[in-house]
């Protein structure tokens, strides 16, 4: 019988796929787990009970879908925009902005519940710009906490030769010529009305040519088209006449762009139904130019490029990086780079990269990588430049945890502070976390459930850190409710949908719990540590009075280790019976936990029974666990109390 001592010093492999349980040869086997539920691996190596969530309020209408959009004006001023039922409401510093007590400030938006998942956005200064295939690009602009506007972008796209002008009555275009037009050149366009042929008369220097057609049922009218700028490459024209006309815009009903990004002082738009693989860049320069898409030969003129692709899939996303603009469609990934390092109409070029494709979830820029969801909705990839290969690669971050994303991801956000977590929402309502620190090769997955279903997620900077907000749908007293909650790193609740209460005098009755009516809640108070009560009439009654309480929904943290893999003579220990003589948990600021269902004693001798337990840091040695094959140690914590696991030591005997 061989005896050995094993230690798992880190949990940075996170939860691995059931398909990987036999891969004891993998480098990360000794730092991975079979189950990591409601626990967060952190980049130092250990793992802890995930923070609970803090309750902020119900959305405007819980029967409609919710989209959460960050608006970050500065490090000290950030807002969460809550899109729901044709309205946008705003959260600042954890509270819904109100115009008067109980009356939330809100503005309208045009998107239906089914359309919110195709909404794209990018921020520039004090504005967030939005695109959607069914609507004109829009601008969300803030001048004060209760002063917001959401309007169509006023594009400047001056008339160029070979571009159509039209209105309900007439359609015409100026045809480019080898002879240069000059400023002051004029066309007079005359329509006889009733759909008769329109005529065009040119006056000015150069040879003028125009195609014009009157539309059926149109009245008689006359337009004057005057050249207001001309050089060897382009002309710009103004239009006046008996009716108000405009150029047949590139972005119009049935042909709006799907993707948006800002890069090198330009607004980029891409992916219209008519030109799904074309992107357009605005003139560069001041913020007054980002809506001017006039093309031309000058370095600061607008840019237009079309992908050279074997498929015609629409561009869905564009992600800026330090060296290029990553362009992503359902089938391929490209980069737009420049021969000079600066994008101009002459130097911008597009190069194909990888062929994984993406889905509708907006990618995240994390360090030098763009994290995106592959088109199957399940694989998570990180696109970054590979110096050795001279191109971008897109590593699969779910290769050892392919199960973790379930049937697909519908939303995600990145919380840099304090734990470098990517939060992902699955279709089935699970919340998934990825502890991701690329420079330290940290990729650790975990799953998180709650009494309900996670629906949306977004992160904004608050309180010198990052706050991640989630929309959670909960069944409350027979009615489905959608709540806005935040992952609570500040008040440090360890229950979900939590509220806090304080009273100068200890009391047993606590109210304000209507959002959890009929739910069993768990309470942490002065003298109650994990007491459970059912909310009735919006209140609970404690057995022992308390001055301060945290009341929320319970959840269980579960960390199940992989089968021990001690090194023994004669080959592997797999398939043999193991005896674990002794287990030592190395913990930090921990109050309670269970190992294989048996509680671990943390209370000190002489500690008063009516006082809150004192968190323990150090080693906790447990009794013999017994023989078994397979043997998977399960560590659980079902109380809303601190729990941090740093390492597990096992003394193991292997039966020959």
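The values are calculated or read from the model by the stated rules, or taken from the named source; none is laboratory data. Keep in mind that this is a model prediction, so the values were computed, not measured. With ideal geometry, Cβ positions are generated from the backbone for all residues, glycine too; neighbour counts draw on all protein chains shown.
Some notes on this structure:
- Residue check for residue 216: modelled with pLDDT of 75 or more, out of contact with any helix residue (DSSP H, G or I) (no Cβ under 9 Å at 6 or more places or on another chain) and either at positive phi or exposed (fewer than 14 other Cβ atoms within 10 Å of the Cβ) (or both): yes
- Only one of the listed residues (549, 535, 541) is at pLDDT 85 or above, loosely packed, with under 12 Cβ neighbours inside 10 Å and under 30 Å from residue 503 (Cα atoms). That residue is 541.
- Check on residue 522, loosely packed, with under 12 Cβ neighbours inside 10 Å and either at pLDDT 95 or above or not in a strand (DSSP E or B) (or both): no
- Some residue of the stretch 377-385 being on the phi > 0 side of the Ramachandran plot and either touching a helix residue (DSSP H, G or I) at 6+ places or on another chain (Cβ under 8 Å) or not in a loop (DSSP other than H, G, I, E, B) (or both): no
- Qualifying residue in the stretch 128-138 (condition: under 18 Å from the mean Cα position of the chain (by Cα), closer than 30 Å to residue 488 by Cβ and touching a residue at least 12 places away in the same chain (Cβ under 8 Å)): yes
- Those strands (runs of 3 or more DSSP E) of the stretch 281-359 in which at least 2 residues are crowded, with 16+ Cβ neighbours inside 10 Å and over 21 Å from the mean Cα position of the chain (by Cα), considering only elements entirely within it, cover 303-306, 333-338, 348-352.
- Flag for residue 428 being in a loop (DSSP other than H, G, I, E, B), out of contact with any helix residue (DSSP H, G or I) (no Cβ under 8 Å at 6 or more places or on another chain), surrounded by fewer than 20 Cβ atoms within 10 Å (Cβ to Cβ) and not assigned by TED's automatic domain parsing to the domain that holds residue 298: yes
- Looking only at the stretch 64-109, and only at residues there that are without any contact (Cβ under 8 Å) to a residue 40 or more places away in the chain and not in a strand (DSSP E or B), the one that is surrounded by the fewest Cβ atoms within 10 Å (Cβ to Cβ): 101
- In the stretch 376-384 there is at least one residue that is within 25 Å of residue 280 (Cα to Cα) and either touching a strand residue (DSSP E or B) at 6+ places or on another chain (Cβ under 7 Å) or touching a residue at least 12 places away in the same chain (Cβ under 8 Å) (or both).
- Restricting the stretch 110-126 to residues that are under 21 Å from residue 263 (Cβ atoms) and surrounded by fewer than 18 Cβ atoms within 10 Å (Cβ to Cβ), the residue that is nearest to the chain's Cα centre (by Cα): 123
- When 311, 337, 329 are screened for being modelled with pLDDT of 85 or more and in contact with a strand residue (DSSP E or B) (Cβ under 9 Å, 6 or more places away or on another chain), only 329 passes.
- Residue count for the stretch 503-519, restricted to those that are within 25 Å of residue 468 (Cα to Cα) and assigned to a strand (DSSP E or B): 0.
- Test: residue in the stretch 490-499 that is without any contact (Cβ under 8 Å) to a residue 60 or more places away in the chain and either assigned to a strand (DSSP E or B) or within 24 Å of residue 405 (Cβ to Cβ) (or both): no
- Count of the stretch 454-476 residues, restricted to those that are modelled with pLDDT of 95 or more and either within 30 Å of residue 27 (Cα to Cα) or over 17 Å from the mean Cα position of the chain (by Cα) (or both), is 4.
- Within the stretch 42-56, tally of residues that are under 21 Å from the mean Cα position of the chain (by Cα) and outside any loop (DSSP other than H, G, I, E, B): 4
- Screening the stretch 245-259 for residues that are touching a strand residue (DSSP E or B) at 6+ places or on another chain (Cβ under 9 Å), surrounded by fewer than 23 Cβ atoms within 10 Å (Cβ to Cβ) and part of a strand (DSSP E or B) and picking the one that is modelled with the lowest pLDDT gives 246.
- Residue 545 falls short on exactly one of the conditions (1) more than 34 Å from the chain's Cα centre (by Cα); (2) outside any strand (DSSP E or B), and that condition is (2).
- Residue 13 being at pLDDT below 95, at negative phi and buried (at least 17 other Cβ atoms within 10 Å of the Cβ): yes
- Failed criterion for residue 3 (all others in (1) surrounded by fewer than 23 Cβ atoms within 10 Å (Cβ to Cβ); (2) touching a strand residue (DSSP E or B) at 6+ places or on another chain (Cβ under 6 Å); (3) within 15 Å of residue 437 (Cβ to Cβ) hold): (3)
- Of all residues in the stretch 28-41, those satisfying the criterion of being surrounded by fewer than 20 Cβ atoms within 10 Å (Cβ to Cβ) and either part of a loop (DSSP other than H, G, I, E, B) or free of Cβ contacts under 8 Å to residues at least 60 places away in the same chain (or both) are 28, 31.
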